[in-house]
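First up is the structure itself, then whatever we jot down about it.
The values are calculated or read from the model by the stated rules, or taken from the named source; none is laboratory data. This is a predicted model, so every value here is computed, not measured. In this analysis, Cβ positions are derived from the backbone assuming ideal geometry, glycine residues included, and neighbour counts consider all displayed protein chains. Keep in mind that these areas ignore ligands, DNA and RNA; they rest on the heavy atoms of the full protein, side chains included. Shrake-Rupley method; radii C 1.70, N 1.55, O 1.52, S 1.80 Å.
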Amino acid sequence: MSNLARIAFLQRPRTDQLLSLSRVLHVMQRVLVLKHWHDVRKSKSSGPAAEPVLSLLEEACIDSSMLAARALDAFFTTRSTYAMRGHELDICAEHFGYPHTTGFLSKERREELDRHIGHVTMLTSDAAFHASLREDLLRSLGPSRRFVAWILGTEFLDGEEAMREEAQTLLANLQSAAAEVAAQTLKPGTLEMSEDVVKATTACLRAAKSSFGPVFARLIRNAVPTNPPVKGKLPGLGAYGTLTFTGRLDDLDLLLKALSAIQASLGESSESIRILNWLHLSWSELRRKVIHGASLARV
């Protein structure tokens with residue numbers, strides 16, 4: 001995308017810029033709701049809904065899943081690539097100055113979604129089709145999380161406290177969903193967490209001079225990157241992959257206890273409390289997965 005397009009976006013009224021971001025955040029929030037719907041549907045092993053109202057709702061969720069995945073893929077795709085299949089005035093991540101613009105759907109998958117969207121005679125409710133839509137939504141979690149973390153680290157939302165709070169809540173929910181997905185492929189006795197969460201946790205424990213800091217440092221000393229940054233991309237907040245390391249339930253319990261102690265010492269009015277809440281939520285979700293054995297073997 002040319003610099004002129006970005007300049008033109010930044011010259012738009014502030015209300016237009018915020019509305020553009022708000023719509024993107026709402027699509028990301030919709031992804032989380034739709035993922036939950038697909039998960040519940042899969043756990044119940046349900047077939048096509050029998051009641052007319054439920055059938056309509058199911059079709060709406062199918063449509064919304066395809067639209068959300070395609071919209072976010074287009075948002076994260078570079079303008080030079082996207083211009084061939086979208087309106088030249090559509091907003092993309094590059095307009096905000098985001099440097100990591102790469103779509104997450106293959107060309108073949110985009111074309112398949114294009115064929116299905118708007119063609120009701122091609123809709124299907126079989127398990128394979130639902131699974132493919134769920135995978136599309138899961139692929140959007142990483143790019144979405146990295147973008148929200150990045151936008152929170154810029155000055156774009158300065159003075160917009162309501163939208164900043166919305167974005168921070170969304171980031172926590174995206175991180176939680178991403179941790180849940182990552183945990184599904186873990187080997188017994190293995191923990192996996194987003195690298196930015198690990199780095200932020202290390203920094204917080206060190207800054208607070210927590211007694212658990214050295215223990216945590218030993219846990220992640222031999223951590224292995226499972227999804228390293230893309231070569232040639234400039235690293236930024238949330239632009240890292242995930243780390244896998246050996247750990248136990250007791251380690252997570254002690255870590256959460258240490259984070260809670262830091263939170264209590266800072267108080268609710270501290271500027272750092274939001275970061276600590278995000279970290280506590282991320283590790284709590286991983287601990288929940290370990291306890292319930294849904295994704296990890298008991299350690």
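Taking GLU160 and the conditions (1) open to solvent by less than 20 Å² (accessible area, probe 1.4 Å); (2) under 20 Å from ILE275 (Cα atoms), which numbered condition does it fall short on, given that it satisfies the others?
Only one criterion is unmet by GLU160, namely (1).
So that you can scan it fast, the table gives a plain yes or no per residue for (1) open to solvent by less than 70 Å² (accessible area, probe 1.4 Å); (2) at pLDDT below 85; (3) closer than 11 Å to LEU243 by Cβ; (4) assigned to a loop (DSSP other than H, G, I, E, B):
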| site | (1), (2), (3), (4) |
| --- | --- |
| PRO188 | no, yes, no, yes |
| ASP196 | yes, no, yes, no |
| ALA200 | yes, no, no, no |
| ARG206 | no, no, no, no |
| LYS209 | no, no, no, yes |
| VAL215 | yes, no, no, no |
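Which residues, counting only those in the stretch 133-183, are farther than 19 Å from ALA200 by Cα, touching an Asp or Glu at 6+ places or on another chain (Cβ under 8 Å) and not charged (D, E, K, R)?
SER140, ALA183
Identify, from the list LEU171, LEU141, LEU219, LEU205, the residue that is assigned by the TED database to the domain that holds VAL33 and on the phi < 0 side of the Ramachandran plot. First the steps, then the outcome.
Details: LEU171 fails: assigned by the TED database to the domain that holds VAL33; LEU219 fails: assigned by the TED database to the domain that holds VAL33; LEU205 fails: assigned by the TED database to the domain that holds VAL33.
The unique qualifying residue is LEU141.
So SER125 passes all but one of these: (1) of a type in the set (Gly, Ala, Ser); (2) crowded, with 22+ Cβ neighbours inside 10 Å; (3) modelled with pLDDT under 90. Which condition number does it fail?
(2)
Contact list please: Cβ distance under 7 Å, first residue in the stretch 106-124 and basic (Lys, Arg), second residue modelled with pLDDT of 70 or more, pairs at least six apart or on different chains.
Cβ pairs passing all conditions: ARG110/ARG70; ARG110/ASP73.
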